[in-house]
Amino acid sequence: MPVHIVAHPVAQDALAVLRLNTTNAADFRRNAARLTMALAVEATKTLPMQNISVETVLGKAPAQRIDDEIVVVPVLRAGLSMLDPILTLLPTARVGYIGLERDEQTAIASSYYSKLPDQITCAHVLVVDPMLATGGSAIAALNLLSGLGVSHTLLLSIVASDQGIRAVEHHHPQTTIYTAAVDPRLNEQKYIVPGLGDFGDRLYGTD
């Protein structure tokens, strides 16, 4: 399973702001969007293209268009923060939603909601979940998608842990992961260390 650490200066600059414990909610949201866009650019650079000809104001020009269907699936709720930046890059993408909640004692994720587009079996599906900690939420989302016959999945996470990557690799070796950082460990509450804290709480100012 390929793992791509996006080292683009924009991604790493945004990550530094997200990690900083004094960053307010507005700056957190703004930099989460910047970083997501950098991840999405990297994750989509190998999409299949179709050669076409377009009519310009002054004549015909060769051009290329993305030649595949793309579906973006944010894991609720924190994954919603990554949706709009991706749709800015991919305005024709369809969108699905998967709602997962984690048992705080076992760290096992269970689904409470899913709404996915029809006929996504052959699509490129981008699952977006900002914190890949234990991997439980990502695995649950990927399980649901693979159960529908989806075979081409990418996972975009702002920060990942070694443990989370290993877990996803074990259950879904075909999934490619894109992240800005891989941190070494989880604490007793299953938060990534050093990480950036509770992403959803910092995003929405509910911490």
- Message: I need the helices (runs of 4 or more DSSP H) fully contained in the range 7-106, keeping only those with at least 1 residues that are more than 14 Å from the chain's Cα centre (by Cα), more than 19 Å from Ala160 (Cβ to Cβ) and in contact (Cβ under 8 Å) with a residue 60 or more places away in the chain.
- Response: 25-43
- Query: Could you say which residue among Ser161, Ser114, Ser157 is closer than 18 Å to Ala11 by Cα, among the polar types (S, T, N, Q) and touching a Phe, Trp or Tyr at 6+ places or on another chain (Cβ under 8 Å)?
  - Reply: Ser157
- Taking Ile177 as the residue in question, decide whether it is surrounded by 15 or more Cβ atoms within 10 Å (Cβ to Cβ), in contact (Cβ under 8 Å) with a residue 60 or more places away in the chain and closer than 20 Å to Asp84 by Cα. yes
- Query: For the range 119-207, list the helices (runs of 4 or more DSSP H) that sit wholly inside it and hold at least 2 residues that are at pLDDT 95 or above and over 20 Å from Thr23 (Cβ atoms); which are they?
  - Reply: 136-147, 162-171
- Scanning the range 29-74 for residues that are acidic (Asp, Glu) and at pLDDT below 95, which turns out nearest to Gln119 (Cα to Cα)? Glu69
- Out of all the residues in the range 125-171, which are within 14 Å of Asp183 (Cα to Cα) and among the charged types (D, E, K, R)? Asp162, Arg166
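The values are calculated or read from the model by the stated rules, or taken from the named source; none is laboratory data. The shown structure was predicted, so the numbers you read here are calculated from the model rather than taken from an experiment. With ideal geometry, Cβ positions are generated from the backbone for all residues, glycine too; neighbour counts draw on all protein chains shown.
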